[in-house]
């Protein structure tokens, strides 16, 4: 089975961290909102409040997505967390967050922080004309799910 998670800022709101809260609760060396490297956060984690806002000044009447990638981490809504907890938990950390938007009351969700790194198959992965990654392929023996 092949799954792809795409960011859709046109139809959904975008995840936003409060930088000051992250620094206050996790410290200046643990900026999860910009760090992409696989590091453990669970030992120092304190539940963060995250917001969903329109991307690029769009309308705030859009829904919060159930899943959204952000800097190498995966946001899971309350519903997604119930469905995927047992699948994801063995492969990383599920870090609790409280999320909300202008249109939705606070709910409990999580940020999935994967801790296993596997190498892409460079022979079959591709880059676009700007040299950016267009598609990634992995050897199935190494992929965790």
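The values are calculated or read from the model by the stated rules, or taken from the named source; none is laboratory data. Please read these numbers as outputs of a predicted model, since none were measured by experiment. Reconstructed Cβ throughout: ideal geometry from the backbone, glycine too, with neighbour counts over all protein chains shown.
Quick rundown of the values:
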{"quantity": "Strands (runs of 3 or more DSSP E) fully within region 1-91 counting 1 or more residues that are touching a residue at least 40 places away in the same chain (Cβ under 8 Å) and surrounded by fewer than 16 Cβ atoms within 10 Å (Cβ to Cβ)", "calculated": "48-53, 67-70"}
{"quantity": "Residue in region 105-113 that is in a loop (DSSP other than H, G, I, E, B), in contact with a strand residue (DSSP E or B) (Cβ under 7 Å, 6 or more places away or on another chain) and in contact (Cβ under 8 Å) with a residue 40 or more places away in the chain present", "calculated": "yes"}
{"quantity": "Any hit, region 66-81, residues being under 13 Å from the mean Cα position of the chain (by Cα), at pLDDT 90 or above and over 29 Å from residue 139 (Cα atoms)", "calculated": "yes"}
{"quantity": "When residues of region 114-128 are limited to those that are part of a loop (DSSP other than H, G, I, E, B) and closer than 20 Å to residue 34 by Cβ, the one modelled with the highest pLDDT", "calculated": "115"}
{"quantity": "The one condition in (1) on the phi > 0 side of the Ramachandran plot; (2) not in a loop (DSSP other than H, G, I, E, B) that residue 131 fails to fulfil", "calculated": "(2)"}
